[in-house]
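See structure below.
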Amino acid sequence: MALFKKIFSKKEDKVSKGFYLLTVDKVEKNTSDTAVVSLTIPEELRSTFQFKPGQYLTGNFKTSQGNFHRSYSICSDSADNSTIQIACKKIEGGKVSSHINDQLQAGTQIEFMKPEGNFILDSNAKKVTAICAGSGITPIMSMIQYIERVGGQMDLFYGSRNENEKIFKSEIDRTSDKISKNYFLSGENKDGFIEGRITPKTLEEKVDLNSDAFYLCGPEGLIFSTKDFLVEKGVPENKIRFELFTTPVSVKAKDIKSGSATCHVAVTLNGETNEMDVDTSKMLLDSFYKNGMEAPFSCKGGVCCTCKAKVQEGSAEMKLNLSLTDKEIEEGYILTCQAVATSDTLKLTFDE
Ligand code: FES
């Protein structure tokens, strides 16, 4: 009952737990359907919002159609700690992407979680290869700026349908020869562009298999066909990182059954521990919300890792994981949006 009271007495203007209020400085169109949102980071939050090139921000967006959590990749240079930029491509029927592209104005305050994500530029790599399409360029843009400023080399393979849909094209054109540019267009034939989609066949002629790291970002077809191609050519899997924006249709979730129907869970979030009995056939995150606990999440599809928590006692298994690293799994992390309890009792924390 105490928990019930606490949630329903929450004031509207209070910042949600685990979120920080940032102010929109400007919203600029980069292409006709992609907006770049610049957010001002107040001095006291600058260390909290320090990010690594490739990471993303999860926001709690208040739109005319309701409040939604969404994650957007950071596209700015990590050296600038007073402003962070995210890019958002408008998708058909997208409530938040339409809101950002059509309505969001300078001066609006939005709740954001601190930067997250494992799709991070290896700062020790001398040469990296980035293979992306569409809005998959967004996290790569942040990596490009790091390489331009600090040093290194990137072979960039960047696909889109048409030239005018190429997000950050003029910004990338202005970079030095540290960035080797290979632009693909699948919907038109133009000078300076390679005609067609990025495929294993086109990569075969151009990609340097000895790159120190490979970053893949874009539609699932591009990511999985490129990953398979690289692995087939002998590139070790630990050199290949990928970032999906949506849950892939080609990946099947595991069927997991627990011995007991319920599990007693003790879960810590922002220093507070709540205990509850959960149905072991339901995802842990859903059970937390059913019990009034506002745990962090964004995609709910296993791709973003915003909902990750660490198992301290007991066990839980994931039906799907497209974002946690093997090391994180070894350390006991799970995606709560994809995990079910597999023990009679479970202790976990969002705070580590
Ligand atoms: S909310 Fe994105 S992985 Fe769970």
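The values are calculated or read from the model by the stated rules, or taken from the named source; none is laboratory data. This is a predicted model, so every value here is computed, not measured. No Cβ is skipped: glycine too gets one built from the backbone with ideal geometry, and neighbour counts run over all protein chains shown. Surface accessibility is based on the protein's heavy atoms, side chains included, excluding ligands, DNA and RNA. Shrake-Rupley method; radii C 1.70, N 1.55, O 1.52, S 1.80 Å.
Among the residues making up region 63-82, those that are under 23 Å from GLY301 (Cα atoms), out of contact with any helix residue (DSSP H, G or I) (no Cβ under 6 Å at 6 or more places or on another chain) and loosely packed, with under 15 Cβ neighbours inside 10 Å are GLY66, ASN67.
Taking region 323-341 as the search range and keeping residues that are part of a strand (DSSP E or B) and under 17 Å from ASP277 (Cα atoms), which one is farthest from the ligand (Cβ to nearest atom)?
Across region 323-341, the extreme among qualifying residues is ALA341.
Okay, residues lined up against (1) within 16 Å of the ligand (Cβ to nearest atom); (2) closer than 27 Å to LYS95 by Cα; (3) outside the structural domain of ASN67 (by TED's automatic domain parsing); (4) crowded, with 17+ Cβ neighbours inside 10 Å:
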position	(1), (2), (3), (4)
VAL251	yes, yes, yes, no
THR273	no, no, yes, no
LEU284	yes, yes, yes, yes
GLU294	yes, yes, yes, no
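Filtered by the rule that a residue be within 9 Å of the ligand (Cβ to nearest atom) and either among the basic types (Lys, Arg) or touching a strand residue (DSSP E or B) at 6+ places or on another chain (Cβ under 7 Å) (or both), region 299-322 gives CYS299, LYS300, GLY302, CYS304, CYS305, THR306, CYS307, LYS308, ASN321.
Would you call ILE140 closer than 22 Å to PRO236 by Cβ, part of a helix (DSSP H, G or I), open to solvent by less than 10 Å² (accessible area, probe 1.4 Å) and not acidic (Asp, Glu)? For ILE140, the condition - closer than 22 Å to PRO236 by Cβ, part of a helix (DSSP H, G or I), open to solvent by less than 10 Å² (accessible area, probe 1.4 Å) and not acidic (Asp, Glu) - is met.
Residues that are open to solvent by less than 40 Å² (accessible area, probe 1.4 Å), aromatic (Phe, Trp, Tyr) and out of contact with any strand residue (DSSP E or B) (no Cβ under 7 Å at 6 or more places or on another chain) number at least 2 in none of the helices (runs of 4 or more DSSP H) confined to region 153-247. Restricting the search to strands (runs of 3 or more DSSP E) fully inside region 66-127 and requiring at least 2 residues that are free of Cβ contacts under 8 Å to residues at least 60 places away in the same chain and over 21 Å from LEU45 (Cβ atoms) gives 66-73.
Taking the condition closer than 30 Å to ILE140 by Cα and within 16 Å of the ligand (Cβ to nearest atom), does PHE229 pass? Judged against the criteria, PHE229 is not a match. Reported count of residues in region 40-51, each being surrounded by fewer than 19 Cβ atoms within 10 Å (Cβ to Cβ) and either outside the structural domain of ASP102 (by TED's automatic domain parsing) or under 21 Å from ILE144 (Cβ atoms) (or both), is 1. Would it be correct to say that GLY259 is in contact with a Phe, Trp or Tyr (Cβ under 8 Å, 6 or more places away or on another chain) and either of a type outside the set (Asp, Glu) or in the same structural domain as VAL340 (by TED's automatic domain parsing) (or both)? It is false that GLY259 is in contact with a Phe, Trp or Tyr (Cβ under 8 Å, 6 or more places away or on another chain) and either of a type outside the set (Asp, Glu) or in the same structural domain as VAL340 (by TED's automatic domain parsing) (or both).
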